[in-house]
Amino acid sequence: MLEYVFILPLLSFAVAGIILAFGKWLPGKGASAGIAVAAWGFVQALFMFVKAMRGGLTLPYEASIPWFSFGPHQATLGVYVDGLTIAMLIVVTAVSLLVQIYSLGYMRGDPRFKRYYSYLSLFTASMLGLTVSDNMLVFFMCWELVGVCSYLLIGFWFEKPSAAYAGKKAFITTKLGDLGFLVGLLSLFYCTGTFRISQILELAHIGFIPPAAAGAAAILLFLGAVGKSAQFPLLIWLPDAMEGPSPVSALIHAATMVAAGVYMVARLYAVYILSPAAMDTVAWTGAITAFTAASMALVCFDLKRVLAFSTVSQLGYMMLALGAGGFTAGLFHLTTHAYFKALLFLAAGSVIHAVHSNDMREMGALKNKMPITYITFLLGTLALVGIPPFAGFFSKDEILAAALARSPYLYAFGAVTAALTAFYMARALVMTFHGTPKDPGKYNHAHESPPVMTGPLILLAAASVVSGWALSRHEIFARLVNFEGVLPFELRHISHGAVALYAGITAVLSMGLGAWLYKARPGIPAMLRGKFAAIAALLDRRYGLDAFFLKIVAVSDSLSAVLFSFDFNFLDAIAIDGWAWLTEKFSRLQRWFDDNIVDAAVDATGTVTLFAGRLTRRAQTGLVQNYLFFVAAAVSIFAAMAFATG
Amino acid sequence: MTLSHYLALSGALFTIGLFGVLTRRNIIGILMSIELMLNAANINFVAFNRFLYPGQHLGHLTVIFIITLAAAEVVVGLALVMTIYKNLKSAYVEDYNILKG
Amino acid sequence: MIEQIVFYLLAAVIVLSALGVVLLRNVMHSALSLGLCLAGVAGIFASLGSDFVFAAQILVYVGGIAVLILFVVLLAGSASDLITRQINSQWLPSLVICAAFIWSYLRITAYFSGIAAKSAPAPTVRAIAGAMLGDYAVPFELISVVLLASMTGAALFARRKEE
């Protein structure tokens with residue numbers, strides 16, 4: 001079974017091309033092909049999971065073919081499968097499959113339907129390639145392909161300037177992090193002399209890599225994850241990524257793009273745990289991201305952006321967990337989060353599909369019109385907030401426990417963020433589905449989505465409800481990802497039960513508070529907002545991060561203007577033009593020399609030859625007696641010379 | 001009479017012939033001068049045979065061959081002269097320069 | 001004594017008639033002078049005791065070639081020949097060259113001075129005939145082929161072209 005894993009990304013890539021080229025003649029304009037591949041991948045991943053749980057697979061599995069050689073090194077093309085890979089494969093294929101099914105309804109009638117499915121397949125293929133790759137080169141290629149796909153899909157409706165802008169923003173911002181990733185990758189190669197993941201992990205495990213070098217490489221690599229997984233301060237692209245179609249948002253936020261960064265850190269975890277500094281960087285970046293994103297979500301009125309901030313916040317959680325040493329916790333959260341965040345986005349997409357607006361202030365009371373969407377959204381919210389016994393509770397609880405074990409400050413960030421999460425999700429839920437209709441026209445127009453959209457919602461809701469409980473039973477997930485390694489720091493012994501209890505209580509209370517405030521006392525939030533206008537504005541402006549980056553752009557603009565003027569007025573004027581002036585003078589000199597010396601010499605040769613010819617031509621009279629005369633003269637002269645002496 | 005007498009005579013005859021070849025304008029005159037030179041050579045052959053190798057006949061044989069070849073030469077030469085004369089209407093060699101570039 | 005008289009007489013005839021061949025303005029006179037010169041050379045051959053060569057000289061040269069040249073002169077000659085100069089412009093340098101040549105030549109003859117005939121001349125015809133049909137049969141046959149070829153060629157050249 002593992003021997004056929006390599007087919008999965010290749011087939012996906014092929015299908016992306018096939019849909020683009022022949023989609024017109026395929027059933028469902030090519031959607032069927034993409035769905036079929038995703039379904040097959042999901043089934044295969046599921047089989048692998050079951051077999052791995054029964055101990056029927058020898059992990060890690062590795063197979064490769066040589067790609068090219070450089071110096072003594074060899075790059076390979078191959079697959080590397082372990083528990084982490086299988087877990088990721090399930091997430092990617094499951095979400096991709098459901099998103100593609102859901103898109104049948106959501107994207108119906110879109111003029112670029114075929115292209116949309118091609119991009120989705122490419123996106124899935126890149127993510128699958130990234131997941132199963134056995135070396136960091138292919139990993140990096142797929143990593144970049146994921147970026148390209150996000151650009152294509154976020155800017156899918158490129159007629160909208162904001163969508164085109166958002167696509168560019170996502171691409172450029174992540175590229176900023178990818179620079180660090182590339183440098184990190186090369187420094188890792190410098191340390192280990194290989195790109196193969198298994199060898200890197202082995203070398204890290206036996207302590208071949210010096211901790212300082214490992215830390216530097218790990219932090220540089222983490223820069224890539226900061227861009228890809230929208231960590232502080234490169235999180236600015238993700239809210240704007242909401243310009244893409246909602247299923248794309250679900251795919252990006254749940255399974256593919258943002259998960260790539262977390263997956264990368266998990267993949268090279270053996271390198272990270274060599275350096276406490278790198279671990280701290282990851283943990284604190286995650287903590288700050290979690291808190292800032294959650295706070296931004298408090299004041300946002302765009303339904304999808306609230307979810308986007310929540311995604312950033314949850315990604316921060318994952319990084320926090322990984323950095324704090326909670327390897328299993330972080331990946332567990334990645335898995336459960338994939339389901340309920342995909343669910344929330346798809347449900348939000350369903351709402352937006354119905355009311356044609358993103359603004360929560362124009363919604364309200366939609367639960368009457370869209371019961372299935374409401375129920376699934378509610379379940380997703382409960383899972384995200386961490387109400388027991390829904391999925392998020394189990395994973396978030398583990399993260400908080402890991403954070404507390406590492407440092408109380410990290411735990412404080414996590415706990416506050418958990419409360420904020422419960423609050424803003426309650427706010428979003430209430431504003432969208434409860435209360436009174438704010439916009440009667442839109443309310444009356446609203447309707448439940450077709451089964452092809454609600455079906456995936458129901459499946460995801462089921463996954464959101466049970467995945468946390470099911471996967472934490474008998475430590476299934478922990479056994480699957482199977483972390484073996486020595487953390488670079490001591491963890492404190494904490495009571496898991498207390499943390500869980502506190503987390504549950506906080507979630508329930510905070511969510512209740514949010515629901516009560518926005519449902520029964522809508523005046524209070526408005527009043528607070530008016531009172532703390534400065535803070536609200538700050539949050540609205542995302543702590544000025546956008547302005548900060550724009551400022552950087554402006555500064556670099558003016559810097560380049562200065563450089564330009566230096567270049568134009570100094571370098572060009574003096575160095576280039578002066579050089580040109582000199583060159584011209586010199587070539588004039590050369591020309592004079594050429595004309596008067598070289599050419600003259602050539603002409604002189606010609607002239608001499610000409611005159612010599614004119615001279616000797618006289619001998620050629622055409623008179624036979626002349627020639628005879630010369631013969632006779634020669635004979636007589638030779639004879640005279642011969643006999644003059646003797 | 002000694003050998004050098006005959007050699008001197010043939011030398012004089014040859015030089016006169018040579019002068020004629022170099023200076024006669026008429027093509028027939030040139031041919032006649034060539035005959036003079038050939039005869040000078042013949043005198044040499046016969047004289048050498050007589051004075052240095054008496055009793056042998058190679059010199060005589062050579063002279064006979066030369067006479068025969070001279071006859072052939074004159075026959076062909078005069079035929080050519082007649083052809084050229086018919087075409088160019090001139091017997092003077094300075095007019096025979098149509099091959100001059 | 002008589003030998004000297006004959007030789008110098010013949011030598012005078014040969015040199016004078018040769019000069020006549022070269023210098024006479026009338027080509028007709030030159031041709032006649034050539035006949036005289038060839039006859040003088042035949043006399044020299046006779047005085048050297050070469051009977052067969054003497055006969056061949058008379059037959060071929062005097063009787064054949066000289067007469068042939070006379071014919072051609074009669075055919076190709078023109079009236080202008082008698083009044084235009086028959087010596088070209090390079091006669092002076094030619095004279096110098098000839099002088100240099102004769103000087104060198106006389107240096108050679110000096111090597112052979114004082115060699116006199118050791119025996120009286122014997123008849124040569126029988127010996128020459130034996131050599132021609134014996135050791136020298138092949139050159140003899142070859143020369144006859146050359147004669148045939150030159151005769152054919154001359155006939156070809158002289159033929160009047162049918163137009």
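The values are calculated or read from the model by the stated rules, or taken from the named source; none is laboratory data. Bear in mind the structure is a predicted one, so any value in this text is a computation, not a measurement. Note that each Cβ is placed from the backbone with ideal geometry, even for glycine, and that neighbours are counted across all protein chains shown.
Here are a few things to note about the model shown:
- The sole residue among C:TYR61, C:TYR8 that is of a type outside the set (Gly, Ala, Ser), more than 23 Å from B:LEU31 (Cα to Cα) and out of contact with any strand residue (DSSP E or B) (no Cβ under 7 Å at 6 or more places or on another chain) is C:TYR8.
To keep it simple, each residue is scored yes or no on (1) assigned by TED's automatic domain parsing to the domain that holds C:LEU147; (2) surrounded by fewer than 18 Cβ atoms within 10 Å (Cβ to Cβ); (3) of a type in the set (Gly, Ala, Ser); (4) free of Cβ contacts under 8 Å to residues at least 60 places away in the same chain.
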| position | (1), (2), (3), (4) |
| --- | --- |
| C:ILE14 | no, no, no, yes |
| C:ALA39 | no, no, yes, yes |
| C:ASP51 | no, yes, no, no |
| C:TYR61 | no, no, no, yes |
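- Condition met for B:ASN87 (assigned to a helix (DSSP H, G or I) and within 24 Å of B:LEU7 (Cα to Cα)): no
- Taking region A:294-305 as the range and being farther than 20 Å from A:LEU513 by Cβ and not basic (Lys, Arg) as the test, the residues that pass are A:ASP302, A:LEU303.
- Flag if B:THR15 is part of a helix (DSSP H, G or I) and in contact with a Cys (Cβ under 7 Å, 6 or more places away or on another chain): yes
- Candidates A:LYS175, A:LYS114, A:LYS168 - the one that is farther than 19 Å from A:ALA255 by Cα, of a type in the set (Lys, Arg) and touching a helix residue (DSSP H, G or I) at 6+ places or on another chain (Cβ under 6 Å): A:LYS114
- Residue within region A:536-557 that is more than 14 Å from chain B (Cβ to nearest Cβ), part of a helix (DSSP H, G or I) and over 30 Å from A:GLY177 (Cα atoms) present: no
Yes or no, residue by residue, for (1) in contact (Cβ under 8 Å) with a residue 12 or more places away in the chain; (2) in contact with a Ser or Thr (Cβ under 9 Å, 6 or more places away or on another chain); (3) not acidic (Asp, Glu):
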site	(1), (2), (3)
A:SER96	yes, yes, yes
A:TYR106	yes, yes, yes
A:PRO111	no, no, yes
A:TYR116	yes, yes, yes
A:TYR119	yes, no, yes
A:THR131	yes, yes, yes
A:LEU137	yes, yes, yes
A:GLU144	yes, yes, no
A:GLY147	yes, yes, yes
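- Meets criteria (assigned to a helix (DSSP H, G or I), more than 7 Å from every other protein chain (Cβ to nearest Cβ) and of a type outside the set (A, V, I, L, M, F, W, C)) for B:GLU94: no
- Only a single item in (1) more than 26 Å from A:LEU84 (Cβ to Cβ); (2) of a type outside the set (S, T, N, Q); (3) surrounded by 18 or more Cβ atoms within 10 Å (Cβ to Cβ) is not met by A:HIS445, and it is number (3).
- Any helices (runs of 4 or more DSSP H) falling wholly within region C:1-76 and containing at least 2 residues that are within 27 Å of B:PHE65 (Cα to Cα), touching a Ser or Thr at 6+ places or on another chain (Cβ under 7 Å) and within 7 Å of chain B (Cβ to nearest Cβ): C:2-23
- For A:LYS369, the conditions (1) over 14 Å from A:ALA428 (Cα atoms); (2) within 30 Å of the chain's Cα centre (by Cα); (3) not aliphatic (A, V, I, L, M) are fulfilled apart from (2).
- Residue in region A:146-169 that is within 22 Å of A:PHE68 (Cβ to Cβ) and modelled with pLDDT of 85 or more present: no
- Note on region B:2-53: among residues that are of a type in the set (S, T, N, Q) and touching a strand residue (DSSP E or B) at 6+ places or on another chain (Cβ under 7 Å), the one that is nearest to C:ARG25 (Cα to Cα) is B:ASN26.
- Residue tally, condition at the interface with another protein chain (Cβ under 7 Å from one of its Cβ atoms) and in contact with a Gly (Cβ under 8 Å, 6 or more places away or on another chain), over region B:47-73: 2
- In region B:7-42, residue nearest to the chain's Cα centre (by Cα) [restricted to those that are facing chain C (nearest Cβ under 7 Å) and over 26 Å from C:MET28 (Cβ atoms)]: B:GLY11
- Leading residue by the ranking (nearest to B:ASN97 (Cα to Cα)) among those in region A:609-643 that are among the hydrophobic types (A, V, I, L, M, F, W, C) and at the interface with chain B (Cβ under 9 Å from one of its Cβ atoms): A:LEU623
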